[in-house]
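The values are calculated or read from the model by the stated rules, or taken from the named source; none is laboratory data. Note that the structure is a prediction, hence the values are computed from the model and not measured. Glycine gets a Cβ as well: all are built from the backbone with ideal geometry, and neighbour counts include every protein chain shown. Only protein heavy atoms, including side chains, enter the accessible area calculation; ligands, DNA and RNA are left aside. Shrake-Rupley method; radii C 1.70, N 1.55, O 1.52, S 1.80 Å.
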Amino acid sequence: MANYLGSIRVADSFFVPLGEDRWLATVHTTGPWDERAQHAGPPSALLGRAVQRCQPRADMIVVRFTTEILSAIPVGEVEVQARMARPGRSVQLLEAVLNAGGREVALARAWRVLRTDCPDTGPGLVTPPPLPETETPPVPGGWVDGYLSAIEWRTVRGAFGEPGPATEWTRMRYPLVAGEEPSPLERVLAVADSGNGISGELDLRRWLFINPELTVHLFREPAGEWICLDAQSNIAAGGAGLATSVLADTAGPVGVGAQSLLVTPRERRPG
């Protein structure tokens, strides 16, 4: 255990390999709500990594990726396994599972399709604003640090902790796994789960916005380190909500992220 804790303190990546599909989540994965639980972005990216390495096909692209968050994902040892659920020459469905403490804590399903000679018809989504020149560190506001500092934030509109839509440019400060360049899919998944956090419509001091899933649709792979989230949340009376984010790189839109939400008072945490 001492070696694990030492690795967490000095890690230069989100995850440290332990062998045999096992990984140690470092402090960089720690979510803003609880120091014991990961932000869903890094484990989603780790599931994406496993999916891409399952019977890999360079002539295919992942066009939809969904992470089902079954419970809080602990900051500690996890195990990831992936399998081909539906093989095919032009369309494939892959699945991956994340285990911690002997139980499943997250599941992922991904569709990938064959790359073809289809022409580019131009994006129908809104072009992202230019990348700001200066960083905009999130205001602590009582949040747990870890993931927040492991991502570089450059704000275009909105602000952490302030209700309303928000547009943020983001960049991973560390690789997902030491010694590896993050793939385009990993870069998107590492930050796409932040849409509900930056665009909350209610006071974050009084309300929780819990997403049991994250779904990302991509029509092209992003290029470069920067990913933009143009996010907004819609909340109805009764506790249900939906956060959506237009995802882009510096060349333009690449897809859309969506999160179903349970909106609940902080003093009444669900079991």
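Scan the range 167-177 and tell me whether some residue there is under 22 Å from residue 72 (Cβ atoms), in contact with a Lys or Arg (Cβ under 7 Å, 6 or more places away or on another chain) and of a type in the set (A, V, I, L, M, F, W, C).
For the range 167-177, residues under 22 Å from residue 72 (Cβ atoms), in contact with a Lys or Arg (Cβ under 7 Å, 6 or more places away or on another chain) and of a type in the set (A, V, I, L, M, F, W, C): present.
Can you tell me which residue in the range 208-245 is farthest from residue 63 (Cα to Cα), limited to those that are touching a Pro at 6+ places or on another chain (Cβ under 6 Å) and open to solvent by 30 Å² or more (accessible area, probe 1.4 Å)? Steps first, please.
First, the residues of the range 208-245 that are touching a Pro at 6+ places or on another chain (Cβ under 6 Å): 221-222, 228, 232.
Now drop any that are not open to solvent by 30 Å² or more (accessible area, probe 1.4 Å), which leaves 221, 232.
Details: 221: 9, 232: 22 Å.
This residue is 232.
Take the residues in the range 112-146 that are more than 22 Å from the chain's Cα centre (by Cα) and charged (D, E, K, R); name whichever of them is surrounded by the fewest Cβ atoms within 10 Å (Cβ to Cβ).
117
Would you kindly identify the strands (runs of 3 or more DSSP E) lying entirely within the range 194-271 that contain at least 1 residues that are touching an Asp or Glu at 6+ places or on another chain (Cβ under 8 Å)?
Output list reads 213-218, 227-235, 240-249, 252-265.
How about the range 181-221: which of its residues are closer than 17 Å to residue 34 by Cα, among the aliphatic types (A, V, I, L, M) and at pLDDT 95 or above?
none
Residue-wise test of (1) open to solvent by less than 30 Å² (accessible area, probe 1.4 Å); (2) more than 15 Å from the chain's Cα centre (by Cα); (3) among the aromatic types (Phe, Trp, Tyr).
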{"site": "14", "(1), (2), (3)": "yes, no, yes"}
{"site": "24", "(1), (2), (3)": "yes, yes, no"}
{"site": "37", "(1), (2), (3)": "yes, no, no"}
{"site": "46", "(1), (2), (3)": "yes, no, no"}
{"site": "56", "(1), (2), (3)": "no, yes, no"}
{"site": "64", "(1), (2), (3)": "no, no, no"}
{"site": "85", "(1), (2), (3)": "no, yes, no"}
{"site": "109", "(1), (2), (3)": "no, no, no"}
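Filter the range 250-271 down to residues that are among the charged types (D, E, K, R) and touching a residue at least 60 places away in the same chain (Cβ under 8 Å) and give me whichever is most open to solvent (accessible area, probe 1.4 Å).
That would be 269.
Mind counting the residues in the range 147-169 that are surrounded by fewer than 24 Cβ atoms within 10 Å (Cβ to Cβ), in contact with a helix residue (DSSP H, G or I) (Cβ under 7 Å, 6 or more places away or on another chain) and at pLDDT 95 or above?
Of all residues in the range 147-169, those surrounded by fewer than 24 Cβ atoms within 10 Å (Cβ to Cβ) come to 148-165, 167.
Subset that is in contact with a helix residue (DSSP H, G or I) (Cβ under 7 Å, 6 or more places away or on another chain): 150-151, 158, 160.
Keeping just the survivors that are at pLDDT 95 or above gives 150-151.
So the count comes out to 2.
Name the residues in the range 171-189 that are surrounded by 22 or more Cβ atoms within 10 Å (Cβ to Cβ) and in contact with a Leu (Cβ under 7 Å, 6 or more places away or on another chain), would you?
Taking the range 171-189 as the starting set, the residues that turn out to be surrounded by 22 or more Cβ atoms within 10 Å (Cβ to Cβ) are 172, 176, 185-189.
Within the range 171-189, 176, 186, 188 qualify.
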